[in-house]
Structures are given as structure tokens and as C-alpha cells.
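Heads up, the thing below is written out as C-alpha cells.
None of the figures in this text is laboratory data; all of them are computed from the coordinates on show. Remember, it's a predicted structure, so these values are computed and weren't measured experimentally. Here the Cβ positions follow ideal geometry from the backbone for every residue, glycine too, while neighbour counts run over all protein chains shown.
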């Protein structure tokens, strides 16, 4: 598992409103595209530098493609990154204030300390 790559995906998608919408509407296609085109770009690099070895494992790819933030948390994805991205994608689908955040908390309630390691 690559917590770094999971968190990089969540971070970069969350900061681009067009990617947020693309990920909401076509999660599997967005994950496939991002992995091929963006996974190996260096964060905050403007010089075209890139690595060549970063790839999702199939379980990570599937969790991202199905918006399964519970599995992502279990894999060690940072909870603030998952929460902010999924709020941007799904909060609009709820009628009550904080309804998505409450669902997020309820779905993660089976986790107990110590939580999965989120260090990258």
C-alpha cells in the first residue's frame, strides 16, 4: 500500500474543482486517468520533473473507484483529506446541515484507537 499515493490523489483532486466534479461523475475513469497522467508528477513542481514508479495497488484503485472512504481510511489515507474531498463531492446530496459529516463519522465509528497509521 502507498499511503503517499492515496493522499496525493486525494490532495490533488480536492484542490481542483473540475477534478472534483470529474471524480464524482466518473470515479473509475478519473482514477485510471490520474494514475496514468498525474501519479508520477512531483507535488508543487513546475519544472516537469517526474518519477516513474508510483502505482496504486488493485485494492487501493478499487476503493478510490468506488468512493469507499472507509476502506481508504483503513489503508491509512489521511482522514482530513478524505473528509474534505468527499464533502466537496457529496454534501450537496443531503438536505440537513452536516448530514454528510455525520454519515462519515458513523461509517468510521467501527475504528478504535489506535487508528490506522496515516504517516507518509
- Can you give the relative contact order of the stretch 3-107 as a percent, counting alpha carbon pairs under 8 Å and 6+ residues apart? 31 percent
- Over its Cα atoms, what ratio of radius of gyration to 2.2 N^0.38 Å does the stretch 3-107 give? 1.07
- Potential lengthening between residue 107 and residue 16 on full extension [0.36 nm per residue; Cα-Cα distance subtracted]: 30.2 nm
- How do 100-107, 30-37 rank on mean C-beta neighbours within 10 Å, highest first? 30-37, 100-107
